[in-house]
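Everything on this sheet refers to the single structure shown next.
The values are calculated or read from the model by the stated rules, or taken from the named source; none is laboratory data. None of these values were measured; they are calculated from a predicted model. Cβ placement follows ideal geometry from the backbone for every residue including glycine, while neighbour counts extend to all protein chains displayed. Please note that ligands, DNA and RNA were not included when accessible areas were found on the heavy atoms of the full protein model with its side chains. Shrake-Rupley method; radii C 1.70, N 1.55, O 1.52, S 1.80 Å.
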Amino acid sequence: MSKPAAPLKGRAGRLARLMPSTGPSTAARTPFVLLVVLLLGGGLIALLLLNSALNEGSFRLSKLKRETTELTDEQQALQRDVDSRSQPDALERRARELGMVPGGNPAFLNPDGTVRGVPTEATAPPSPSPSPSPSASADADASPGPDAPAAGSASPSEAVPTTSAPATGPDAATAPEAESSPPPTSPGR
């Protein structure tokens, strides 16, 4: 067999002692290297999963922001619609379209049962007639009765209903209206 190598002397011996030998110690380092590689690979996969979860959350957040903006715009449009319909002139116009008239003077009941004020019936004020047209002037020549609607009135719902019985007495002008309207009521009764 071969003869073992003679120990090195001098400078070469000192260098040989500093350098590890390539014997059984390399087999002991293999599990450590595998452990480090597995830890680095596992960390890389964990970072990838974390990044994916953050991106998914970011996409969901941008979608929710967009939906919030759309719903806010819709809510503002609805609020503008409510505000425009709540204005006094719009309420009055809608009430007239439904056949309502402004209320008369109200009467109030005091806690002791006495009535304060004199109740009056609500009557429809004369509707303003638009500028006469050629066909309206022919209709104006025919004299309408006191209960007939004015020529060129906006809709039949604004016309005062007529009755078949002739009215007599001091309230002859308001008698047809009194028959068709309910008696005045007091608040809280």
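Residues Ser62, Ser58, Ser84: which one is open to solvent by less than 100 Å² (accessible area, probe 1.4 Å), under 30 Å from Pro102 (Cβ atoms) and either part of a helix (DSSP H, G or I) or modelled with pLDDT of 95 or more (or both)?
On the way: Ser62 fails: under 30 Å from Pro102 (Cβ atoms); Ser58 fails: under 30 Å from Pro102 (Cβ atoms).
From the options Ser62, Ser58, Ser84, the qualifying one is Ser84.
Pairing each residue of segment 89-103 that is open to solvent by less than 70 Å² (accessible area, probe 1.4 Å) with any residue that is basic (Lys, Arg), provided the two are 6+ apart or on different chains, yields no C-beta distance under 9 Å.
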